Amino acid sequence: MSSSSVLYDAPGPKTRVRNRIYTVAGSLAVLGALVFVVLRLNDKGQFAPEMWNIFNNAGVRTNIRDGVLMTLQAFAVGAVLSLVLGVLLAVGRLSDHKPVRWFATGFIELFRAVPLLITIYVLWVLFLANRGTLGFSGEGTQFWALVIGLTVYNGSVQAEVLRAGINAVPKGQSEAAYALGMRKAQVMLTVLVPQAVRSMLPTIISQLVVTLKDTSLGYVITYQELLFAIRQMAGNITVNEENPYVPMIIVGGAIYVAMCLLLSALANWIERRGRRAKTGIDVAGAGEPVTAADALEVADPVPGGPAGRQN
Amino acid sequence: MNVLLDHLPEFRDGFLGTLSITAASAALALVLGILIAGFRVSPIPPLRAFGTGWVMLLRNTPLTLLFLVAFFVVPQILFPGTSPFMLATLALGFYTSSFVCEAVRSGINTVPLGQAEAARSIGMTFLQTLRLIILPQATRTVVPPLSSIFIALTKNSAVAGAFSNTELFNISKLLSDRGFAIGWIFLWIALAYLIITFAISGLFRLLERRLEVAR
């Protein structure tokens, strides 16, 4: 039973009339706001045909394509590295050796608490200062600052997700593995981690969506990804003595939303698939991004309560 | 060490800037989030559609893009010359409202069905049911996720610093441009954020304890 139907009765004739009035009024209000926005922007000439004609320009298209490619490049490298780091940190935090555990815990807590933007910026400044010794050239500095920033932040978050997943694996699993004579590393890598990854896959992918969105922070350190390309073109091109901010932002926003929705759809699909399988531990609900994860404590990210259905 | 002591006023301004942007956009996000969550469970289809669209759009847009919208499009729609603080608050508040909305909505889902049914059977309207019965009970389950959302908001407020607001990121940028060692700046800024996030999670834990009632 969906919650929405519990909150109100099946409408009677009067309510139906009233609801219809609200429907009209609500639609009018939303439409009115939209029309106001469109009219105001139209006054500024943001919807003039010439303004949108810029997308017929081959240079503009190439810039957008390059921006998307740069975004995807940073995302791909950052995602892979953050997953690797996530596994390492999760295993480290569950290690039997105290120094390893402390190091992993400290690393995770520090980088989860500091805003990603600041991490990226600091890395950029450091890399710029040591450009010679590190052997970066041109775009490399920004790229690696962004990628490593994304890696340490998202790696820390993924580590917490994985740790929750590992803790959710029934105890019998590791006991059985130990009883078979497996070593600690074997138990962790062949028994616990695979099951944790499987059960947390939707959450991991939701976090990857966050990683994708966070690549846009590269804008601040002048990494030439999609947002930077949009901003630069919008600032440089003038049509009828106006900058085409609105067309650029609409097009760029649509590209971002499409990319994120594709990834989210993947998470939802995996969640549904996982629910079909009867074996193993439950698959966590999708759409519970741990972005919001507490910087200080992990109230177990395995969603316990009924997860709001993602749309 | 010297960076902090010599530039205490700057650090203080940055700290207060982060606090005020966070507080202002948290208030905006809370109000909008609850409103939109109400829309999403309401009996009126266009409002539901509006809520769904709102959440889908804002959750899948990078925050930086929203800042671009706020700083380059909003002044054209409303009056130009709005302060950067207002614009940053708008962008952060709108972005966070979609997360608040989802938290509130899943909170609404956890209130036992019988409560809403009982409210309806004594003749309460939708608004009465929501306002008097459902939301007060949902508060209890909404508080823990809200704490994480506001901590995320604190961290997200750093983006505002890249758009000419005075806050901690802006200060770190300023000082590093003046040639101070970035490592120390980073440590102090990290400490400042830790203080804020600890305070938020402590506050919410307190709130949680106050609201804890045997069900």
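Would you mind estimating how fast segment B:1-136 diffuses translationally, via Stokes-Einstein at 10 °C and 1.306 mPa s with the Kirkwood radius over Cα pairs, in µm²/s?
92 µm²/s
In peptide A:230-242, what is the residue-averaged number of other protein chain Cβ atoms found within 10 Å of each Cβ?
1
Based on the mean of other Cβ atoms within 10 Å per residue, sort peptides B:116-128, B:22-34, A:213-225 so the most packed one is first.
Highest-to-lowest ranking by the protection proxy: A:213-225, B:22-34, B:116-128.
Going by C-beta contacts inside 10 Å, put A:Lys184, A:Lys171 in order with the fewest on the left.
Result, fewest neighbours first: A:Lys171, A:Lys184.
Which order do peptides B:70-79, A:49-58 fall in by mean Cβ count within 10 Å, highest first?
Highest to lowest by the protection proxy: B:70-79, A:49-58.
Go through A:239-250, A:255-266 and give me the packing order, highest mean Cβ count within 10 Å leading.
The peptides rank, most packed first, as A:239-250, A:255-266.
Taking 30 Å as R0, compute the FRET efficiency from the Cβ-Cβ separation of A:Ala76 and B:Ala199 and round it to 0.05.
Computed FRET efficiency for A:Ala76 and B:Ala199 comes out at 0.20.
When the Cα atoms of chain A are enclosed in a convex hull and the volume is divided per residue, what value in Å³ results?
Taking only Cα atoms, chain A has a hull volume of 190 Å³ per residue.
What FRET efficiency would be calculated for the residue pair A:Leu31, B:Leu132, taking the C-beta separation as r and a Förster radius of 30 Å, to the nearest 0.05?
0.45
From the P(r) of segment B:63-215, can you give the percent of Cα pairs sitting at distances over 24 Å?
52 percent
If you build a Gaussian network model of chain A, linking Cα atoms that sit under 10 Å apart, which residue out of A:Ala179, A:Ala229, A:Ala76 swings the most?
Largest GNM mean-square fluctuation: A:Ala179.
Return, for the Cα atoms of the protein assembly as shown, the radius of gyration and Dmax in Å, separated by a comma.
Considering the protein assembly as shown through its Cα atoms, Rg and Dmax are 24.2, 78 Å.
Between B:Glu212 and A:Glu109, what FRET efficiency follows from the Cβ-Cβ distance if R0 is 30 Å, with the result rounded to 0.05?
0.70
Report the extension gain between A:Ala58 and A:Ala254 in nm, rounded to one decimal, defined as 0.36 nm multiplied by the number of residues separating them, less their alpha carbon distance.
68.6 nm
Any read-out appearing in this document is the output of simple, stated calculations on the displayed coordinates, not a laboratory observation. Treat the numbers as computed from the prediction; the structure is a model and nothing was measured. Ideal geometry is used to build each Cβ from the backbone, glycine not excepted, and the neighbour counts take in all protein chains shown.
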